[in-house]
Amino acid sequence: MTDPLTPVGLSPQEAHELVHGNPRALLVDVRSTMEFLFVGHPLGAIHIPWMDEPDWTINPHFVTEVRKLLLGGVLCEGPEDCAPVVLICRSGKRSKEAGRALLEAGIRKVFNVNEGFEGDLDEHHHRSSKGGWRFHGLPWEQC
């Protein structure tokens with residue numbers, strides 16, 4: 001049985017297909033500002049940090065900022081009527097937490113990119129070599 005307060009997990013490829021196949025879908029990168037700018041981010045992603053430097057505390061405005069993007073979209077007739085929100089972070093952990101906050105706030109169609117942007121660490125403690133958005137060659141950009 002699925003936990004109703006856990007975002008639906010997607011592979012990077014599934015997330016890319018969902019975002020590009022649905023003009024209402026939002027791809028939200030929840031990483032820190034420095035990660036978003038200097039490590040890179042999925043092409044077209046909107047940046048709303050879940051936690052950010054310098055204090056690394058949870059962003060108290062996260063849910064409000066997502067709601068603004070949805071134009072309030074919390075009230076929808078059924079799950080199929082709601083705009084999908086796809087969240088991504090480095091490896092899928094912070095975005096899962098952020099997704100729980102959105103679901104608790106009543107946003108109904110929330111997804112998490114399980115591998116994140118860079119994926120998990122490999123045996124040499126490197127990222128982007130075992131999984132993640134970049135590893136799978138999906139479109140991204142860097143400032």
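Tell me yes or no: at least one residue of the range 34-46 is under 22 Å from TRP133 (Cβ atoms) and in contact with a helix residue (DSSP H, G or I) (Cβ under 7 Å, 6 or more places away or on another chain). Looking through the range 34-46, at least one residue is under 22 Å from TRP133 (Cβ atoms) and in contact with a helix residue (DSSP H, G or I) (Cβ under 7 Å, 6 or more places away or on another chain).
I want to confirm something. Restricting to the range 64-82 and keeping residues that are of a type in the set (Asp, Glu) and more than 27 Å from GLU141 (Cβ to Cβ), which single residue is modelled with the highest pLDDT? Step by step, filter the range 64-82, then rank; the result is ASP81.
Selection of first residues in the range 1-26 that are closer than 16 Å to HIS41 by Cα and of second residues that are outside any loop (DSSP other than H, G, I, E, B), restricted to Cβ pairs under 6 Å at least 6 apart or on distinct chains, gives the following pairs, ordered by first then second residue: PRO12/VAL113; ALA15/VAL86; ALA15/VAL113; VAL19/LEU27; VAL19/VAL86; LEU26/LEU69; LEU26/VAL85.
Looking at this structure, is LEU10 in contact with a strand residue (DSSP E or B) (Cβ under 9 Å, 6 or more places away or on another chain), over 23 Å from HIS126 (Cβ atoms) and surrounded by fewer than 22 Cβ atoms within 10 Å (Cβ to Cβ)? In short, no.
Scan the range 20-35 for residues that are buried (at least 23 other Cβ atoms within 10 Å of the Cβ) and not in a strand (DSSP E or B) and the total you get is 2. For the range 47-60, filtered to residues that are of a type in the set (A, V, I, L, M, F, W, C) and closer than 16 Å to GLY116 by Cβ, the residue that is most open to solvent (accessible area, probe 1.4 Å) is MET51. Taking the criterion of being under 24 Å from ARG100 (Cα atoms) and open to solvent by less than 60 Å² (accessible area, probe 1.4 Å), the residues of the range 116-138 that qualify are GLY116, PHE117, GLU118, GLY119, GLY131, GLY132, TRP133.
Checking ILE46, ILE88, ILE107 one by one, the residue that is among the β-branched types (Val, Ile, Thr) and either over 23 Å from SER11 (Cα atoms) or without any contact (Cβ under 8 Å) to a residue 40 or more places away in the chain (or both) is ILE46 and no other.
Each residue in the range 108-120 was checked for being modelled with pLDDT under 95 and in contact with a strand residue (DSSP E or B) (Cβ under 6 Å, 6 or more places away or on another chain), and 0 of them qualify.
For the range 42-63, state whether one or more residues are of a type in the set (Val, Ile, Thr) and either more than 17 Å from the chain's Cα centre (by Cα) or modelled with pLDDT under 95 (or both). Yes, because at least one residue in the range 42-63 is of a type in the set (Val, Ile, Thr) and either more than 17 Å from the chain's Cα centre (by Cα) or modelled with pLDDT under 95 (or both).
The values are calculated or read from the model by the stated rules, or taken from the named source; none is laboratory data. What you are looking at is a predicted structure, and each value in this text was computed from that prediction instead of being measured. In this analysis, Cβ positions are derived from the backbone assuming ideal geometry, glycine residues included, and neighbour counts consider all displayed protein chains. Only protein heavy atoms, including side chains, enter the accessible area calculation; ligands, DNA and RNA are left aside. Shrake-Rupley method; radii C 1.70, N 1.55, O 1.52, S 1.80 Å.
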